[in-house]
Every structure is written in structure tokens, then in C-alpha cells.
Amino acid sequence: MRPLPDLHRMQDDLRELFSQYDPSLTDGGKKAHVIELCRLVTVNSQVRDEVVYPWCATRAPKALLDNSTIRMDLARVLVMEIVSARTTDLWYDALVQVLGSLLEALWDEEESDAGLWASVPAVGGAIDLNRRLIDRLEELDCATRQGIWTPLEPAGLETVRNSVPACAIRWAELNPDPPVAETDLR
């Protein structure tokens, strides 16, 4: 079930861009393609946070909404990594592929018979929601096409930072011996 046609149209555009990604492109062509991918993922993520997920919060099971939110946070982490990376980095192409796979899995799960879209009513504010969604998508798309965009920090990152208890054991305390330097192995 696809209750928000404009959101799903953007997802279809992203699917198409991911399918056209060619790791063998020259650095400039590859980077331009990936920047457009990351821009659209950022717009998709932002409109979900500002319009879609708040609307779903009172209409969908918390577990389904949490799953979607967490996956979008993971996508944001990947976008941050990809945008700051060089196309020549060994893991660059893999990160792009993982981002595409993550989003594809999210969208497939949301659209499944037991997914987020099946759990929200087809009526009851969906028309108003779609109008707000269209308006916000147009605003974000216009702003980001003018180069006014940066990757979004994951919404849950601050929660993760704040959830580490003060008494947590640091890695250095668990492993007091420093790692062996490469020169020590000769």
C-alpha cells in the first residue's frame, strides 16, 4: 500500500539512481552521481522526520515506527560517511551499495502487508498530510538544488551519546596493552 504518492515517487527516483550507479565512472562523474543520491536521501529523510513520522506516531504501532526511524538514522550515518569520503577510498563503492540496500529493505518492509503503511488508516488526515508533504518536498528540493544542504545528523545519535552510562568501561581500560605496531612485527 502506498498512501503517500509523492514520497513513494521520490523513493522510486532513488531506486533508479541507485540502479544507475556505476563504480567504474571517473571520479568526477561518480562523485556527482553520489552527491545527487545523498541529496535526495537527505530530503527523503528530512521530510519523513518533519511530516510523515510525526503523523504516523499517533496512527501506527510504535515498533514499526521505531524500526523505520532507526533505519533512516543509519542511512544518515552512511550519507555523512559517503559525502566526506573520497571516491578512491577502498570502501566508497561498498558504502553506496550498503546505503541502497538499507533503503530498499526499509521501503520494502514499510510497504509489506505487515508494514508501516498497512498499519495506518487510508483516511483520516492522509489528504492533508499529502499536501503538507508535497509543500515540504518542494521547499527542500528547491533549497537543496541550490546547493544549500548538508547531511543530517542521525536523530537518535544524541540519544545514543546520552545513553552511555558514566560508569561504562572504556576500551582502553579493557585492553591496557597498546596494539602492536607494524614495526614491532619485523
Worksheet item: Using alpha-carbon positions, what is the distance between the centroids of segment 99-138 and segment 1-63, in Å?
Response: 11
Practice prompt. With label points built 7 Å along Cα→Cβ from the Cα atoms of T150 and R86, find their separation and express it in nm.
Written response: 2.3
Worksheet, complete the sentence: Here, I70 and Q97, labelled 7 Å along Cα→Cβ, have an inter-label distance in nm of 2.5
Item to complete: Measure off 7 Å from each Cα along the Cα-to-Cβ vector at E139 and A126, then give the distance between these two points in nanometres to one decimal.
Response: 2.4
Response to the item:
Full extension between A105 and D22 adds, at 0.36 nm per residue less the Cα distance, a length in nm of 27.8 nm
Fill in: Summed side-chain charge close to D13 - residues other than D13 whose Cβ falls under 13 Å, Lys, Arg +1, Asp, Glu -1
-2
Practice prompt. Go through L99, W149, N130 and say which Cα lies farthest out towards the positive end of the charge dipole of segment 5-156; charges sit on Cβ, +1 for Lys and Arg, -1 for Asp and Glu.
Written response: W149
Item to complete: For A57 and D13, compute 0.36 nm times the residue count separating them, minus their Cα-Cα distance, and round to one decimal in nm.
Response: 13.2 nm
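Quick note: the coordinates plus some simple rules give every number you see, no bench work behind them. The shown structure was predicted, so the numbers you read here are calculated from the model rather than taken from an experiment. A quick note on method: Cβ atoms are made from the backbone with ideal geometry, for glycine too, and the neighbour counts reach across all protein chains shown.
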